[in-house]
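The values are calculated or read from the model by the stated rules, or taken from the named source; none is laboratory data. As the structure is a computational prediction, the values presented were derived from the model and not from experiment. Cβ: placed from backbone, ideal geometry, glycine included. Neighbour counts: every protein chain shown.
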Amino acid sequence: MTLNLPNGLSTKIYAQQENERTRETVESDFDLASEESFGFFDDIRAKDWYLMKQRAMERKNHSNGTDETEINHTSKDTVPRIWYQDNFEPDFSCLHERRIGGHKKGMGDGPKWICDPHRIAKQKSCLIYSFGSAGRYHFEMGIHQINPFCEIHTFDLKYFESPHYVNFHEFGLRFITSSIDDKKFFTMQDIVKLLGHEGRTIDIFKIDCEGCEWKTFEDWFDAKVDIRQILLEAHYVKKTTIPFFNRLQKEGYVTFHKEANTMGCHGDCIEYGFLKLDPSFSDISIDGIFSENSPESSFKINEDFQLAYRESEGFFNDMRSFDWERLKGRVWNSINHKFDSTEKPEKTITLVPPANWYQLNFEPDFTCQHERRVGGLGDGGKWACDPHRLKKSCVVYILTNTKKFRFEKGIYDKHSTCSIHTFSPSMSISDVAKDLGHEGLAVDILLVDCNGCEWESFHTWFESRISFKQILVKVHGVHKNTLEFFKQFQREGYVTFHKEPDIKFSEGNNTDYSFLKLDQSFFHGKWGLWKTDMMIYEGSMGTEKDEFTKKAGKQQKRAKN
């Protein structure tokens with residue numbers, strides 16, 4: 001093909017100018033996300049950002065559909081674990097969130113989920129506040145490993161020797177109208193002024209203060225400082241719990257993670273991750289911008305999307321290779337158990353309650369950026385990976401002995417052309433597929449909630465002559481086949497993109513898992529561009545010897561004696 005170039009313009013210069021125009025077009029596509037995240041997200045395209053906005057706009061704070069302003073403490077529904085399962089769930093996903101900190105392995109109680117820590121790793125400086133450590137510096141160690149230039153301040157009412165990179169302050173947080181006149185307590189405004197941080201951004205504000213959050217939160221936002229991420233363990237429910245969440249949303253915060261602490265307080269305490277965005281993120285109406293079934297619309301698979309498209313078996317047709325490689329790196333570096341393999345996790349099944357075992361084993365190793373709960377808040381609604389990608393001709397199987405049809409209704413409301421089949425656990429999937437003429441078919445979603453039948457039947461799911469792109473299953477308690485259950489999923493090429501303990505009806509002894517099938521090539525290959533990331537995250541999970549934790553333990557023992 002002959003290229004008609006302007007007079008005096010060489011082919012080389014023309015190519016350079018075309019590349020520059022392409023680069024400017026790509027960068028301009030990131031402007032909206034960058035502007036509404038105060039520069040935190042500098043590589044999210046407008047299309048993805050609008051989908052994220054749509055999710056936030058459609059959020060429902062309460063399962064009963066009302067806009068409650070205060071908690072009715074006379075109702076049994078205000079038992080903390082019951083209340084939290086039905087209220088204020090995640091309305092945002094950070095594609096590269098990671099759990100940071102933790103002795104030996106970054107799992108269980110203690111480590112915190114951080115939104116895209118690789119973005120903090122590339123900052124020239126950052127500021128961290130950590131309230132409540134009890135001498136355990138795993139979180140601080142993880143932050144320092146991610147970015148040694150972070151300025152870390154830890155606050156506690158008792159003195160504990162700290163690592164050289166931690167600025168330790170022996171005082172706690174009080175609310176501004178408190179009558180306490182004690183040098184061990186300061187308001188947030190006092191602390192920010194005392195440390196010379198007025199006008200700065202606190203990149204991460206981690207707080208675990210055994211309930212002080214309900215009295216002090218108003219002061220967090222009145223101090224002369226911006227807080228980007230808030231990592232909070234919420235303790236029980238109080239009169240100010242709903243005003244707390246309402247204030248967060250008013251300030252522009254979205255919830256990117258929610259995790260019940262079933263070990264420490266039986267699900268009555270909840271770990272939350274909040275990220276500050278511009279209030280305009282959830283103010284603009286975007287109705288009609290997206291079709292429900294985008295994968296079947298005319299869409300050219302860009303060369304940069306080929307890797308994700310191939311290794312997701314066509315599910316992700318618009319994910320760039322560098323995001324996909326980072327997701328691969330997370331899976332490659334994932335761990336199944338809090339304890340070392342030498343401690344034989346199969347033995348711990350009989351030694352600890354199921355709720356504790358699940359908090360220490362098999363956590364998510366993948367994130368779907370546009371995951372949504374289908375079927376509403378609370379028990380019955382299930383987390384599905386990017387449901388906007390479902391085809392018009394999608395097929396859904398539901399294996400259950402309940403008579404609730406919330407999930408079915410949720411699918412139908414958004415995808416009315418899907419073929420939905422609900423059947424009893426007494427029927428085998430193979431027989432159902434044969435009767436329906438589905439043999440050889442790829443079923444988009446298999447949902448299983450059958451009060452324990454999963455432990456004896458899961459092998460048959462993979463032996464049938466059909467495949468399942470997503471499997472959403474509620475596991476009930478633990479069983480002699482539990483470890484084999486999860487290993488089978490991994491052998492079949494599934495990643496775990498969501499995990500949610502049922503704290504309302506089982507105190508976390510039953511847990512909802514969401515799995516996504518990928519091609520086996522996803523799990524193999526070179527370290528690629530993100531080897532440095534993996535080295536950082538390995539260190540951030542406490543692989544270095546933690547002498548300070550040992551000293552803190554000795555200090556605590558002496559204090560008790």
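Quick notes on this structure:
- Subset of region 429-471 [assigned to a loop (DSSP other than H, G, I, E, B), at pLDDT 90 or above and over 21 Å from residue 315 (Cα atoms)]: 437, 450, 451, 452, 453
- Those residues of region 347-381 which are surrounded by 19 or more Cβ atoms within 10 Å (Cβ to Cβ) and among the basic types (Lys, Arg), in sequence order: 372, 373
- Condition met for residue 487 (on the phi < 0 side of the Ramachandran plot, free of Cβ contacts under 8 Å to residues at least 12 places away in the same chain and not aliphatic (A, V, I, L, M)): yes
- In the set (1) closer than 26 Å to residue 283 by Cβ; (2) without any contact (Cβ under 8 Å) to a residue 12 or more places away in the chain, the condition left unmet by residue 225 is number (2).
- Residue pairs meeting the criteria (Cβ under 6 Å; at least 6 apart or on separate chains; first touching a residue at least 24 places away in the same chain (Cβ under 8 Å) and of a type in the set (A, V, I, L, M), in region 262-274; second part of a strand (DSSP E or B) and surrounded by 22 or more Cβ atoms within 10 Å (Cβ to Cβ)): 270/234; 270/260
- Filter result (among the aliphatic types (A, V, I, L, M) and outside any strand (DSSP E or B)) within region 149-164: 157
- Checking residue 209 against (1) at pLDDT 95 or above; (2) in contact with a Leu (Cβ under 9 Å, 6 or more places away or on another chain); (3) part of a loop (DSSP other than H, G, I, E, B), the condition it does not meet: (1)
- When we screen 147, 61 for residues that are among the polar types (S, T, N, Q) and either modelled with pLDDT under 95 or not assigned by TED's automatic domain parsing to the domain that holds residue 236 (or both), the only hit is 61.
- Complete set of residues in region 472-522 that are in a loop (DSSP other than H, G, I, E, B) and among the hydrophobic types (A, V, I, L, M, F, W, C): 478, 503, 505, 518
- Checking each residue in region 91-130 for being β-branched (Val, Ile, Thr) and modelled with pLDDT of 95 or more picks out 114, 120, 128.
- Single unsatisfied condition, residue 245 versus (1) of a type outside the set (Asp, Glu); (2) under 23 Å from residue 120 (Cα atoms); (3) at pLDDT 95 or above: (2)
- Restricting attention to region 421-449, the residues being of a type in the set (A, V, I, L, M, F, W, C) and surrounded by fewer than 19 Cβ atoms within 10 Å (Cβ to Cβ) number 6.
- Inclusion of residue 284 among residues that are modelled with pLDDT under 95 and under 17 Å from residue 91 (Cβ atoms) is warranted.
- Residues that are part of a loop (DSSP other than H, G, I, E, B) and not charged (D, E, K, R) were ranked within region 212-260; the one that is farthest from residue 157 (Cα to Cα) is 252.
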